1. Based on DSSP H runs of at least 4 residues, each adding -39500 (n - 2.57), what is the mean residue ellipticity at 222 nm of the chain after dividing by all its residues, to the nearest 500 deg cm²/dmol?
2. Pulled fully out, how much extra length does the chain show between residue 540 and residue 589, if you take 0.36 nm times their separation in residues and subtract their Cα-Cα distance?
3. Taking the radius of gyration and the Kirkwood hydrodynamic radius from Cα positions alone, what is the Rg/Rh ratio for region 168-303, to two decimal places?
4. Take every DSSP beta bridge whose two residues both sit in the chain, then give the antiparallel share in percent to the nearest 5.
5. If you filter region 286-358 for trypsin sites (Lys or Arg not before Pro), then keep DSSP loop positions with at most 10 other Cβ within 10 Å, what is left?
6. Where in region 486-593 are there chymotrypsin sites (Phe, Trp or Tyr not before Pro) that are in a DSSP coil and have at most 14 other Cβ atoms within 10 angstrom of their Cβ?
7. Relative contact order (percent) for region 260-403, with alpha-carbon contacts under 8 angstrom and 6 or more residues of separation?
8. Taking 0.36 nm per residue of separation and subtracting the Cα-Cα distance, what length does fully extending residue 242 through residue 310 add?
Amino acid sequence: MKKNNEKWKYPRTRIQWLWDNMKGYRALYVLAMFGTVVYNILQLTVPFFSGQIVNRFLSGDGAKENLANHPDEFIRLLCLMVGLTILRCIIVYFDCMGYEYVSQAVLFKVRNFLYDKIQRQDMKFYSTYRTGDLMTRVTGDLDAVRHMVAWVIRMVIEAISLVSATAIYFMIMDWKLAVSLLIVAPLIFFIIYVFKLLVAPMHALLREKLAYMNTVAQENIAGNRVVKAFARESYEIEKFDECNKDYRDTNKKTAFTWLKFYPYVETLANCLSVILILVGGLFLIEDKISLGEYVAFSGLIWAIANPMRQLGNVMNEFQRFSAASAKVMEIYYSEPEIVDAKDAIDKPDRFEGNIEFRDVSFQYADSDLPVLEHISFTAKKGQTIAIMGETGCGKTSLIHLIPRFYEPTSGEILIDGVNVNKLKLHQLRKNIGLATQDVLLYSDTIDGNIAYGDSEISREEVVRFAKYSAASDFIAKMPEGYETIVGERGVGLSGGQKQRISLARALAVRPSILILDDTTSAVDLETEKEIQDSLRHLDFECTKIIIAQRISTTKDADQILIMQHGEITESGTHEELIKKGGYYAELVKLQVG
């Protein structure tokens, strides 16, 4: 992830990015913006006709005669006022519907795109971003984006069109009075600009506080068993309470920032009425304007004052969008580092399963020390390779290089004689079955979990793979058998049961390469023996890479690799390694006697 490269992160401005995601709805959105301009111009009609009625039929010379002689004109003006008001209401309704429709379409499109992006990222991405932070980006941050499309832009267009139309109308009626009223606008704009400078970083901080609070909540809920096991409920409640208070205080501080400026904006907006009374009254006394014009000015003074009052809220929401969209765009424009090579080889057929490591070394990007150094070994198709070693010696890192979860720092990994970098990721990973010690089961049926890698397999095949993993007996005793719903992350199942379902899931894709990372650590020895016997008699050929700590799991392997400090220090069969008298021989003595 190139997080620090701003140019890479934001190849488009925020508004350009919004416009890109309105593809297919742009015509509707432009029509909605045009509608906003139209219905705000129509705001002038009521004051205009009011002024006409006052001048011709209520005051001025010949008003009484005009009312008596031209009642039809009086009624026509009233009908026009009512008719245009109803027309404006209709336009407003459909206009708001248009904005909302486009905003929901953009929200749907971007959320799907983000989810697709997150799904296709590599392991480095998931170690960089916290789960709670990612959840905030696809929920709260996207809601701020939707609000920008549906409300903020509409308010900006509304303010510009209403103030512009009103200012032009005022200038036509009397430019001196118009200038007297509009002179407060620069002062309000200056206040809003200062407010923007102060509130922008606060919205960015507020968004980080929310993401952290969501992360704390997510980790606590996911780890509820550990919390209860150590009776740490009170501690976790206090921890969340602190995060919540921090978020609340930041939220209040952000809100109070506008409240500090609001009295000044409100005072200046209210000054418009005072100016109209003083200057407009003086002009009226001196016959520089008519009573109808004064009524028109008075009826439209809100059209200048209200947008000025709304500027603070609009700026507040824009800064919220700015902070949120920066986080959304960071994921939106991110690209995984591990992708198909341009000259990738197409191998649609099933792999044979030959694996070769050639002088492979590996180091995590955020680590100063290598995890693997000069790893070399060969696994021929159908063979079983067992890997043993102390915790932290690099066993799991080694197997993660085979499906290209990470790239080796140096050296080559070949499958069927082809460097994995030259294989298409989808084809490579479809040929690998992976079962790990830390099992993740989905909130689905047992059948759905086993068939996760290939949803087209039949129930009979699911049962057969469950038998291979010694899971069929306990599944048959479940309330609804294979249709039993598994709770989130397998809640309700024992560790051994979850491991056996995970193994069945790995087998169900009929992989060319089966990778088992301490998969039978939570099962009893009798069940493990049954599983080992099943793995030797699969109805398809596959190469097996097994990480284990039990001698009973590894002793029948074609080759056993002993790893220490990121290097292979011993290799051979069970008998060969016992004769060497090294780490493996000591392990045999400890476990077997």
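1. Numbers: 26 runs with 355 residues, N = 593.
Rounded to the nearest 500, it is -19000 deg cm²/dmol.
2. The span from residue 540 to residue 589 would gain 14.1 nm if fully extended.
3. Taking Rg over the Kirkwood Rh, I get 1.37.
4. 45
5. 342
6. 540
7. Worked out over region 260-403, it gives 14 percent.
8. 21.1 nm
Readers should treat all values here as calculations from the given coordinates under stated rules, not as data from a laboratory. As the structure is a prediction and not an experimental result, all values here were calculated from the model. Cβ sites come from the backbone with ideal geometry, for glycine too, and all protein chains shown count toward neighbours.
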